[in-house]
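For reference, the structure I am asking about is given below.
The values are calculated or read from the model by the stated rules, or taken from the named source; none is laboratory data. Values in this document were obtained by computation on a predicted structure and should not be read as measured data. Neighbour counts are summed over all protein chains in view; Cβ atoms, including those assigned to glycine, are modelled from backbone coordinates with ideal geometry.
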Amino acid sequence: MYAAATQPKESAVPSQDITELWQRVQPQLRRDVGEASYNSWLHPIIPGTFSQGRVFLQVPTRFIREWVETHYLDTIRRTLRACDPAIRGVELTIAPGEASEARPAATPTVSQTHPSSAAQPDNESLSAPLDPRFTFEAFVVGKPNELAYAASRRVAESQAVTPGANPLFLYGGVGLGKTHLMHAIAGHIRTHQPERRVLYLSAEKFMYQFIRAVRYRDTMEFKEQFRSVDVLMIDDVQFISGKESTQEEFFHTFNALVDNNRQVVISADRSPSDLEGVEERIRSRLGWGLVADIHSTTYELRLGILQAKREQLQAEVPDAVLEFLAHKIASNVRELEGALNRVVAHSQLVGRPINLETTQEVLRDLLRSCDRRITVEDIQKKVAEHFNIKVSEMHSARRSRSVARPRQVAMALAKRLTSKSLPDIGRKFGGKDHTTVMHAVKRIEELCRTDEELAEDIELLTRMLRG
Ligand code: ADP
Ligand code: MG
């Protein structure tokens with residue numbers, strides 16, 4: 001029933017198997033891309049066929065296809081390949097019957113109402129739902145996030161726009177609490193100043209709304225909806241990169257709001273100046289207000305978060321177990337919480353108390369991957385060995401391809417496998433600028449799309465490094 005006209009008929013693997021394989025990789029994909037992106041972009045995908053090493057996946061519209069291709073195809077390919085090495089490539093096709101762009105894309109997170117019908121979505125329905133658990137009270141403050149927390153609180157508590165903090169730009173790596181703080185701000189304002197209109201949404205949804213408005217020639221409506229709010233909050237703004245017309249609209253919306261003394265809060269996984277693919281004037285404007293970064297967690301903060309979480313769960317977890325987890329799982333808070341949840345759920349299931357031994361047993365896989373907490377030095381060493389160059393070349397400035405390419409590979413892997421920032425990574429490669437690292441990451445991503453051998457080298461290195 002899934003066969004599309006554009007797909008080859010001689011599928012080597014029955015579509016049932018590909019459906020099963022696709023099911024199997026969903027949890028991993030969800031983790032890799034994050035809940036919101038997963039729901040918007042990957043959830044609508046329907047597995048098609050598997051033929052001659054190529055997996056065909058179906059998406060509802062051309063727009064989703066383009067978006068998934070540019071943002072998630074590598075992740076999808078990598079994840080599928082990890083499950084079945086016979087998979088060489090992944091292709092996206094538009095599902096038959098849905099190919100016509102004449103109706104709204106079937107993105108589940110967006111209201112399906114025709115935009116020009118009488119029932120216009122108001123700000124409330126445009127706004128993404130807030131997670132009630134993401135409050136200021138539930139946010140544990142420590143050195144790495146104190147600035148972001150204080151700034152967020154100030155914006156949430158002030159009656160009007162916060163001087164010097166418009167826009168408030170929060171940035172930091174995955175799972176460090178950006179969305180939590182955004183929801184906390186939005187929730188606080190809605191509760192304490194219900195007359196102020198707060199619009200919170202992801203950059204992806206902003207783009208989606210805009211593109212839909214353009215498609216239905218409803219951009220006036222779009223503009224009004226966005227420009228009539230008191231507080232505009234856009235999460236994960238790095239996703240706005242690329243699409244020029246959306247960036248343009250975003251920029252105008254943003255300027256109009258700031259000029260009219262409305263509060264704007266933005267989050268991203270990197271600083272404004274590192275938002276590649278975003279026009280220079282927008283980047284600089286984003287940095288005009290208060291830029292607050294969230295650093296990687298420290299042991300103390302992780303322990304604090306685990307203690308708070310234990311309280312919430314009202315579970316009997318020995319201190320030694322919390323200390324053990326805080327020590328071992330340093331990547332991000334999401335993973336840390338996930339680990340504690342798993343340990344507690346397991347103990348409730350089997351009806352046995354939690355101790356260090358059961359913890360290690362339940363989390364064996366996770367701990368194994370965390371145990372080898374990969375350092376930039378490990379990566380440099382492995383990559384140098386693999387490409388047969390000296391480790392010292394990783395720090396050199398030589399530009400000949402034979403050393404420059406491996407160096408770029410190592411930088412790209414450092415970005416992918418460690419939580420180091422671009423400037424940190426640059427420093428470890430003989431004091432290179434963060435733009436050099438960014439360029440390397442981009443270049444390697446591009447090359448991997450066409451150069452299968454390089455893609456495989458990188459897969460192999462990743463596996464070796466992850467142990
Ligand atoms: P991001 O948006 O930066 O990727 P999230 O805000 O989604 O990260 O945070 C991931 C998870 O970690 C959420 O469940 C959030 O509640 C939790 N979290 C992150 N930082 C903290 C903190 N300082 N205190 C309590 N919970 C936190
Ligand atoms: Mg987030």
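Name the pairs whose Cβ atoms lie under 6 Å apart, with the first residue in segment 23-49 and over 17 Å from CYS83 (Cα atoms), the second outside any loop (DSSP other than H, G, I, E, B) and among the hydroxyl-bearing types (Ser, Thr, Tyr), and 6 or more positions between them or separate chains?
ALA36/SER202
Right, next: Filter segment 434-453 down to the residues that are under 23 Å from SER392 (Cβ atoms) and not β-branched (Val, Ile, Thr) and list them by number.
HIS434, HIS439, ALA440, ARG443
Here is a yes/no grid of residues against (1) more than 16 Å from ligand 2 (Cβ to nearest atom); (2) crowded, with 23+ Cβ neighbours inside 10 Å; (3) under 24 Å from GLY187 (Cα atoms); (4) of a type in the set (Phe, Trp, Tyr):
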position: GLU221; (1), (2), (3), (4): yes, no, no, no
position: SER245; (1), (2), (3), (4): yes, no, no, no
position: PHE251; (1), (2), (3), (4): yes, no, no, yes
position: VAL258; (1), (2), (3), (4): yes, no, yes, no
position: SER267; (1), (2), (3), (4): no, yes, yes, no
position: PRO272; (1), (2), (3), (4): yes, no, no, no
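Restricting the first residue to segment 278-301 and requiring it to be within 19 Å of GLY164 (Cβ to Cβ), which pairs with a second residue that is of a type in the set (Phe, Trp, Tyr) meet a Cβ separation below 6 Å and a spacing of at least six or different chains?
Once the first residue is within 19 Å of GLY164 (Cβ to Cβ) and sits in segment 278-301, its partners that are of a type in the set (Phe, Trp, Tyr) give LEU286/PHE169; VAL291/PHE169; ASP293/TYR171.
Oh, and also: I'm told GLY431 meets every condition in (1) assigned to a helix (DSSP H, G or I); (2) within 11 Å of MET394 (Cα to Cα) except one. Can you identify the failing condition by its number?
All conditions are met except number (1).
Of the conditions (1) within 16 Å of ligand 2 (Cβ to nearest atom); (2) at pLDDT 85 or above, VAL55 fails just one. Which one is it?
Failing condition for VAL55: (1).
Next question. Pick out the one residue from LEU181, LEU176, LEU170 that is within 9 Å of ligand 1 (Cβ to nearest atom), assigned to a strand (DSSP E or B) and buried (at least 19 other Cβ atoms within 10 Å of the Cβ).
Working: LEU181 fails: assigned to a strand (DSSP E or B); LEU176 fails: assigned to a strand (DSSP E or B).
The conditions single out LEU170.
On the basis of being surrounded by fewer than 19 Cβ atoms within 10 Å (Cβ to Cβ), within 13 Å of ligand 1 (Cβ to nearest atom), within 25 Å of the chain's Cα centre (by Cα) and without any contact (Cβ under 8 Å) to a residue 40 or more places away in the chain, does GLY304 make the cut? Walk me through it before giving the result.
On the way: surrounded by fewer than 19 Cβ atoms within 10 Å (Cβ to Cβ): yes; within 13 Å of ligand 1 (Cβ to nearest atom): yes; within 25 Å of the chain's Cα centre (by Cα): yes; without any contact (Cβ under 8 Å) to a residue 40 or more places away in the chain: no.
Against the criterion (surrounded by fewer than 19 Cβ atoms within 10 Å (Cβ to Cβ), within 13 Å of ligand 1 (Cβ to nearest atom), within 25 Å of the chain's Cα centre (by Cα) and without any contact (Cβ under 8 Å) to a residue 40 or more places away in the chain), GLY304 does not qualify.
Across segment 279-301, which residue is farthest from VAL264 (Cα to Cα) among those that are more than 12 Å from ligand 1 (Cβ to nearest atom) and part of a helix (DSSP H, G or I)? Steps first, answer last, please.
Our first condition is that a residue be more than 12 Å from ligand 1 (Cβ to nearest atom); within segment 279-301, this holds for 279-292, 299.
So of that shortlist, the ones also part of a helix (DSSP H, G or I) come out as 280-286, 299.
Working: GLU280: 19, ARG281: 17, ILE282: 14, ARG283: 15, SER284: 15, ARG285: 12, LEU286: 10, TYR299: 32 Å.
Filtering first and then ranking leaves TYR299.
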